[in-house]
Amino acid sequence: VLAGHPLIARAMPNVAASVCQSATAVFSPSLSSHYTEGVAALFSLMGKVVWLSTEKELPIATALAGSGPAYFFLMVELMVKAATELGLPESVATELATQTALGAGQMMKLSPEDSTALRLSVTSSKGTTEAAIDTMKARGFDSIMTAALTAAYRRALGLTLE
């Protein structure tokens, strides 16, 4: 069992480490500050380091951040597909969707407001964004995201036990 070993840190980086933008979750129950500083320095080379309070949080962080880039890639993929079906050239749709994802991510990182406030700031009453979000919610987007993260979490728990 890893927990309790004085020189063990468990980490879950994600694929964005390849562009130094990983969200890396790290847990260690008993490393001294000397070692935690070293672990933080190492993983910060790949992006943001977030320390977890308990080992039980690691499978949740795996479902959220470890698998998370794929969720965003899928969303962009589907946005591009829809825009292409509506008549936009695929290259233009891809460029717009990719930059939109990048811009939204930067806004979340740099803004003091949370994602809900940022979303609401873009959502005009009776506007295009409201129409899209209402459709997403009516079609179960909230429950899909919850079910997806729960499935990834359960699989992460299974991998921990294997």
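Structure notes:
- Subset of the range 83-117 (residues that are over 23 Å from Ala16 (Cα atoms) and surrounded by 12 or more Cβ atoms within 10 Å (Cβ to Cβ)): Ala83, Thr84, Leu88, Val92, Glu113
- Check on Ala148, open to solvent by less than 60 Å² (accessible area, probe 1.4 Å), part of a helix (DSSP H, G or I) and in contact with a Leu (Cβ under 8 Å, 6 or more places away or on another chain): no
- Residues within the range 25-55 that are open to solvent by 50 Å² or more (accessible area, probe 1.4 Å), among the aromatic types (Phe, Trp, Tyr) and touching a Pro at 6+ places or on another chain (Cβ under 9 Å), tallied: 1
- Selection from the range 118-145 of residues that are more than 26 Å from Val49 (Cβ to Cβ) and either assigned to a loop (DSSP other than H, G, I, E, B) or open to solvent by less than 60 Å² (accessible area, probe 1.4 Å) (or both): Thr123, Ser124, Ser125, Lys126, Gly127, Thr129, Glu130, Ala131, Ala132, Ile133, Arg139, Gly140
- Exactly one residue among Pro29, Pro59, Pro112, Pro69 is within 21 Å of the chain's Cα centre (by Cα), part of a loop (DSSP other than H, G, I, E, B) and either farther than 28 Å from Ile144 by Cα or not aromatic (Phe, Trp, Tyr) (or both), and that residue is Pro112.
The values are calculated or read from the model by the stated rules, or taken from the named source; none is laboratory data. Nothing here was measured: the structure is a model prediction, and the numbers come from that model. Cβ coordinates were reconstructed from backbone atoms using ideal geometry, including for glycine residues, and neighbour counts include every protein chain displayed. Side chains are part of the model used for accessible areas, which takes the heavy atoms of the whole protein and leaves out ligands, DNA and RNA. Shrake-Rupley method; radii C 1.70, N 1.55, O 1.52, S 1.80 Å.
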